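The values are calculated or read from the model by the stated rules, or taken from the named source; none is laboratory data. Computed from a predicted model, the values in this text were never measured in an experiment. Cβ coordinates were reconstructed from backbone atoms using ideal geometry, including for glycine residues, and neighbour counts include every protein chain displayed.
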Amino acid sequence: MSSETEEKRSKAQPNGCERAFVQRNKIKWFWAPAFFGFWLLLYVTISIPACHRLPRPLTIQDEETHPDQFIAERAEKNLRELVSLGPRVVGSRQNEMAALKMLSQKMQKIRSGTANDIEVDVQVASGSYVHWSMVNMYQSIQNIVVKISPKNTNSTTYLLVNSHYDSVPAGPGAGDDGSMVATMMEVLRVLAKSDKPLKNPVVFLFNGAEENPLQASHAFITQHKWAKYCKALINLDSCGNGGREILFQSGPNHPWLMKNYRRAIKHPYASTMGEELFQHNFIPSDTDFRIFRDHGSVPGLDMAYTYNGFVYHTRHDKAEIFPRGSFQHTGDNLLALVRQIANSPEIENSAKYAKGHTIYFDVMGWFLVFYTETEGVILNVIVSLISIGICGYAIKLISVNSGIKLEKILKKVGHTLLVQILSVVVGAILPVLLGLFMDAVHLPLSWFSNSWLILGLYFTTFFFGLAIVPAMYFHWTKQDKLPIGQRVQLLLHCHCILLSVLTLIFTICGIRSVFVLMLSCLFYTVGLIINIATRLHTKDVAWVIPHIVCTVPPFVFFAYFSHGFFTTFIPMFGRFGENLNPDLAVAVFSVAVGFLCCGFIIPVLQLFNKSKTIICGLMGITLLCFIIAMTPIGFPYRPETNVQRFAVLHTKRTFHDADNKVRRQESGYFIMPQDRRTYTVKHAVINMTLAQRIGSDCDKEINCGLPLYNQRWHKTRKNSLWIPASEPVLGENVPTVLLLSKNSVSPTRIRYEMQLSGPNHMALFIQPLNGAKMMDWSFHQAPLRLSFEPPYFIYFSWGVNGDPLKFWLELEKPNGNWNSTTLELGLGGHWTHHKELITPDFKKFLDSFPHYVDATPWPASFESRIF
Ligand SMILES: [Zn+2]
């Protein structure tokens, strides 16, 4: 060691009180828990509460002192009334009569004594559209449409507000979407009473068939008399119960909507990242927003509750657990937003303002940041380049201060950059391996009820990988002339350069969510500038203070943001299906989130004495959490709150041969597991040992011989289980296809006229046989025009009117051989809301499921016919 460096070292030795903290140019090891505790404390005391903060709900008593405001208690009353009707499935008396009556009466009440014009219209509509590969066909479904307009207006620019009052058969649909219906009703009441004038009319669409799926919005936007005047949309839905509604889709291409959102909103909660995830189909849900956008070109804002998705679409989605504060949150926002957009000059000529995407996010629910995509690109590029520049300057200063030649320092930078890349790679691989391992040892979803296990299992593993690689590098290059404080700074600079380059690459790829990386670089660079300006960067440890201070704001923000993200996604793993290993997905999420939140924090560990021991301690936490995952704490399910989902169809299957004789008939329980841990119920459920995978039927029978009407089930149908059982009791209205006539149109072409009747949810599968080709039909033309693979799938459901559906098919056989069969039809029927059809055997079977299971029971039938 040269005497010059020796001198510099001794200068850097700490004095006085600094000595308690620092030893041999390193921080004493026992400060490490405090270091971790500090960040954990920020997360628990700032980020999490910000994620769950709700405003004080107003009660009816508050009304006098808060005129013209949204009253949460009234919305709550609305919800309780709606939910008391029970599940509101399309075609059921509850949906088509009771809910309609209740809503109509409320509207009549609001109408009386208002200074505005209020028109109420009940729409009954039939139609169809193509949804993925399925023809989604509806008959006589209903909407209640309410238009509120200022007196004597002739404005032809309306704002549309939509939510749905129907529900899935499984549950009362309080969160989804009764809460939004109740909120809309209250907003309508306040607007009707208010003397603050609206400039343009607002159409409130109380949508009667969303879960069916998305039929009523299609009916409205393609057929209703007011549809063509709707120039903007606010869509309100839910995949949870309570919490804050998030704005997760906007536009497309209408930045003025976001501008108005920012102006109006009282409690902002919005995320560009949600929009990108949703639009790239990472989220297994769809909303009416898409229908309005694709079939009506109506731009809008899409908002939904995502909190407590555990109860979504189950019988536990109750009004009692819906917090009043959530009503106030959404109500305040919606009321302000409706006024803002309906009165905005842009809505009157929205095409003029249709320019580009936007980037938006709220900061801790305090305020909204919003800018256009072009501004985003400029910002990302400038920040990245400045960050790289400042890091480069800091590297040069290291050379100047240490007296080591710049080339040598640059060589070190190259090594450090490689080490940092390697550490991220190792850090990413370890949680992924753990995710595979957890699944292999039958412990997936251990964090489903206790989500903190994700921190202990996957985040710690990632941090370990991220920290151990540089620790080993520093260990192996101990003789390096550069003091450790400088080497850690170099590591951080390299991380910042890495992030800046990633920001530039993702910006070029057009990924809007990359603003998070840009923010990371921005705050790091600010810290670095402070260090350079104060010359603290030359010290061994003191530079950490500005660094940490500047890391706190992005950490708190990212932790807030990530907490919302995990809160949304964790429940979804209970319904992503059996094919996805949820632990693998959570491992990947943890790597991404850990990288974002702690990328500038973890390298600081290298400054501690006994850093390798501290880093290995992280693996100790992982091991501990693995042991916990094996105990009842790690068992995923809890009755009422964190249920395991199954759909159980008590099904009768009948297959006919070409002579219309029954060739195969059986009855059983058809079970669709919704998550990865199907085997947990194996020992509890009656006859589960007789269960067979349905897979082999998929090669033999049309649509695997299954009555599925939901498109989403098709992906997992091969893995579904079949347990032989006694025959179901089916309703009177058993699905039937009647051949009305069969005529040859030409020697090679034949036309079938048919009629379909049955319960209000049916699926028709059509398979041409023996070289026959479907040439034309009375159904939606898209499957033929776009040459869909047969069997063609027609989903048909009806609301108030169950009249048979007449249809025709035209098939061609180039050889003109009509002696062989031409056509096979598969016909599925569902009784989605008939409790009386559940047989004692079926009930016994359902009761044998463990109490933490939410099994949705349906009688169903499937029949195949050959023509
Ligand atoms: Zn919904």
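Some observations on this one:
- Residue check for Val586: of a type in the set (Val, Ile, Thr) and out of contact with any Ser or Thr (no Cβ under 6 Å at 6 or more places or on another chain): yes
- Residue in region 175-190 that is within 16 Å of the ligand (Cβ to nearest atom), surrounded by fewer than 24 Cβ atoms within 10 Å (Cβ to Cβ) and among the hydrophobic types (A, V, I, L, M, F, W, C) present: no
- Residue in region 257-270 that is surrounded by 24 or more Cβ atoms within 10 Å (Cβ to Cβ), over 28 Å from His52 (Cα atoms) and either of a type in the set (Lys, Arg) or touching a helix residue (DSSP H, G or I) at 6+ places or on another chain (Cβ under 8 Å) (or both) present: no
- Against the criterion of being modelled with pLDDT of 95 or more, in the same structural domain as Ser179 (by the TED database), of a type outside the set (A, V, I, L, M, F, W, C) and within 16 Å of the ligand (Cβ to nearest atom), Tyr269 does not qualify.
- Gln479 falls short on exactly one of the conditions (1) at pLDDT below 95; (2) assigned to a helix (DSSP H, G or I); (3) among the polar types (S, T, N, Q), and that condition is (2).
- Qualifying residue in region 24-45 (condition: touching a His at 6+ places or on another chain (Cβ under 8 Å), closer than 30 Å to Ala75 by Cβ and modelled with pLDDT of 90 or more): no
- Meets criteria (touching a residue at least 12 places away in the same chain (Cβ under 8 Å), surrounded by 15 or more Cβ atoms within 10 Å (Cβ to Cβ) and not aromatic (Phe, Trp, Tyr)) for Val745: no
- If you filter region 332-358 down to residues that are under 27 Å from the mean Cα position of the chain (by Cα), of a type outside the set (Val, Ile, Thr) and at pLDDT 95 or above, you find that the one that is nearest to Ile148 (Cα to Cα) is Leu335.
- Criterion violated by Tyr795 - all others in (1) more than 30 Å from Ile144 (Cα to Cα); (2) outside any loop (DSSP other than H, G, I, E, B) satisfied: (1)
- Filter pass, His224 being within 16 Å of the ligand (Cβ to nearest atom) and over 23 Å from Gly309 (Cβ atoms): no
This table checks each residue for (1) touching a residue at least 40 places away in the same chain (Cβ under 8 Å); (2) in the same structural domain as Thr821 (by the TED database); (3) touching a helix residue (DSSP H, G or I) at 6+ places or on another chain (Cβ under 8 Å); (4) not in a loop (DSSP other than H, G, I, E, B).
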site	(1), (2), (3), (4)
Arg653	yes, yes, yes, yes
Arg676	yes, yes, yes, no
Val685	yes, yes, yes, no
Cys698	no, yes, yes, yes
Pro707	yes, yes, no, no
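- Residue ID - farthest from Ser250 (Cα to Cα), chosen from residues in region 137-174 that are buried (at least 24 other Cβ atoms within 10 Å of the Cβ) and among the polar types (S, T, N, Q): Gln142
- Residue list for region 272-295, restricted to those being more than 16 Å from the ligand (Cβ to nearest atom), surrounded by fewer than 23 Cβ atoms within 10 Å (Cβ to Cβ), in contact (Cβ under 8 Å) with a residue 24 or more places away in the chain and over 12 Å from the mean Cα position of the chain (by Cα): Arg293, His295
- If you go through region 238-248 and keep only what is surrounded by 24 or more Cβ atoms within 10 Å (Cβ to Cβ) and either assigned to a strand (DSSP E or B) or away from the ligand (no atom under 16 Å from the Cβ) (or both), you end up with Ser238, Arg244, Glu245, Leu247, Phe248.
- Residues of region 199-221 that are within 13 Å of the ligand (Cβ to nearest atom) and of a type in the set (Gly, Ala, Ser): Gly208, Ala209, Ala216, Ser217.
- Pick from region 328-365, criterion out of contact with any His (no Cβ under 9 Å at 6 or more places or on another chain) and among the polar types (S, T, N, Q), ranking: surrounded by the fewest Cβ atoms within 10 Å (Cβ to Cβ): Asn349
- Considering Val135, Val146, Val124, the condition of being over 29 Å from the mean Cα position of the chain (by Cα), of a type in the set (A, V, I, L, M), closer than 20 Å to Leu805 by Cα and more than 16 Å from the ligand (Cβ to nearest atom) is satisfied by Val124 alone.
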